[in-house]
Amino acid sequence: MSQFDYLRTQLADNVWAGKSILTVADAVNQGVSSGKDWYFSLPHIQFIMANPVMAGVKDLLVASQNVGTTVIDCSLVFLETLNGINRAYNSKAFTNLAGKGQQELASLLPSTREKAIYEASVMAYNESLNLPNLSVTIDSIEADIRAIQQGGATAEAQIETWKSQALTKVEQLKAEILATIESLTGNPRRNARARIRRAEAARIAMTTNTIPNIIAHNPYSISSTYSHSISSIYSRPPVLNTALVPIAVGGAATIAGAVGVLTSIASWLLGSFFLKSFNIPAVLLPALTNTVVSMVLKLSGSSGGAEAVRYLAASALKAGASLLPRLFGTTGMQASGWAYLMAWAAPIIGAAVIIATAMRNRTDLAEFLYVFADIGDKTPRKFNLSLSHMYDTNQVEILEKLKSNARSLKNKALVPIEKMIGVGLNAKREFILGYDLTNPDEPILIPKDDIITTLGGDKVAKIATGKFYFGD
């Protein structure tokens with residue numbers, strides 16, 4: 001059972017909260033009702049399951065025993081999130097929505113939950129998803145990703161359908177009122193005329209503006225190796241292929257910090273994978289990204305963080321308001337933000353499920369840390385060595401300890417150091433993490449399967465025996 005089952009009461013007859021203008025896409029209804037079966041039928045998820053380059057993401061989804069529940073949770077939270085974003089978008093109370101969101105994030109009191117969410121987001125980026133490595137290897141299948149067919153109607157066609165339905169409802173309401181208005185007097189007659197005026201205002205708003213075609217085949221090459229700028233409404237910022245650097249031990253692991261990490265993950269998943277073959281205006285892409293981040297924070301237990309990020313999503317929609325469809329209900333309610341984001345339900349939910357699953361992926365923590373600093377040019381290489389034993393710790397502190405040990409070796413070295421490798425073993429003496437620490441301030445994650453090869457047989461043997469001698 002979903003922990004967000006209480007939200008089901010707001011979903012009925014393909015609309016949210018009884019408001020006919022807040023139409024729910026078939027994809028979301030299927031996510032709520034079918035969960036895992038719907039999710040694994042999505043073209044992009046089928047691609048993940050079949051392509052070796054995406055094996056790490058596949059393993060995450062297959063290994064998770066709760067992925068079905070996560071899909072249902074994400075689908076329900078998606079609806080609540082869109083409602084909050086649409087309300088913020090329509091709000092008259094705040095002129096600076098982005099400022100309001102940042103203010104809300106800054107006001108969240110530090111807690112152990114915040115620290116845990118931050119650490120889980122860093123773990124998802126660096127280890128569970130291994131984006132530093134995936135962002136490079138995925139280039140080899142870029143053409144295949146562009147060829148993935150999006151299931152169902154395109155976002156543009158879906159929005160036009162909803163707009164047509166909204167106009168039909170407006171015309172039906174006008175006809176019904178006009179048929180009875182002559183028999184009314186007093187307040188009932190005045191109320192009926194007011195309803196007609198609202199309906200007519202909605203009709204005019206939806207039919208007088210010509211919205212530019214904003215969904216099209218992407219004519220630009222946007223990849224993790226993006227190396228030039230594009231001056232266009234359709235340009236996207238580069239997708240970076242460098243690893244995030246966690247905050248130093250003792251720093252404030254806040255929800256604001258987690259938002260930064262999660263935004264990087266969501267931007268990459270959407271820009272380099274789920275939306276690779278679609279052209280999203282640069283001004284509107286952050287609205288989709290922040291929707292994903294808000295959902296993940298809600299799933300992680302940070303309702304305050306989720307609400308704050310909704311203002312950031314609404315701010316992006318405001319910035320691109322001229323590109324949005326104009327949809328109004330018969331009561332005058334505007335659903336432009338709702339409709340635009342709802343049209344992208346499948347990729348938004350698709351990304352949120354992957355991130356939430358990656359954050360819940362529990363891996364062993366390294367207890368025994370070794371940093372080897374190679375010196376000289378002989379084989380086997382002579383090396384300086386640093387050893388540490390960690391306990392009652394976390395992923396962030398482990399990496400910081402490796403970096404600190406590497407800096408110490410570098411500063412104390414009497415001869416030039418050619419290369420530094422840091423590895424971590426669990427309590428069973430199994431290799432579970434490795435970093436190239438040649439530049440301690442910019443550690444490069446070594447794929448788990450490559451740790452032993454990168455380290456070299458001589459060092460692996462010494463770790464196994466525990467026999468290190470002066471002069472090694």
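The values are calculated or read from the model by the stated rules, or taken from the named source; none is laboratory data. Given the structure is predicted, the values throughout are model-derived calculations rather than measurements. Positions of Cβ are generated from backbone atoms using ideal geometry, with glycine treated the same way; all protein chains shown enter the neighbour counts. The area values use the complete protein model at the heavy-atom level, side chains included, leaving out ligands, DNA and RNA. Shrake-Rupley method; radii C 1.70, N 1.55, O 1.52, S 1.80 Å.
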For region 411-472, the percent of accessible surface on carbon and sulfur atoms (probe 1.4 angstrom, ligands and nucleic acids excluded) is 54 percent
Note to self: C-alpha centroids of region 125-141 and region 57-103 sit apart, in Å, by 24 Å
Counting only protein heavy atoms with a 1.4 Å probe and every protein chain in place, the carbon and sulfur fraction of the accessible surface of region 94-164 in whole percent equals 54 percent
Once the in-chain neighbours fewer than 8 apart are removed, the aspartates and glutamates whose Cα is under 15 Å from LYS412 read ASP374
With every protein chain kept in place and a 1.4 Å probe, the residues LYS100, LYS459, LYS467 fall, from largest accessible area down, as LYS467, LYS100, LYS459
Taking Lys and Arg as +1 and Asp and Glu as -1, residues besides ILE145 with C-beta under 13 Å from its C-beta add up to -1
Rounded to the nearest Å, the spacing of the alpha-carbon centers of region 284-322 and region 170-185 is 40 Å
For region 35-75, the Cα convex hull volume per residue in Å³ comes to 60 Å³
Of the accessible area of region 265-368, computed with a 1.4 Å probe and all protein chains kept, carbon and sulfur make up a percent value of 49 percent
Expected sort for 170-180, 436-446 on mean C-beta neighbours within 10 Å, highest first, is 436-446, 170-180
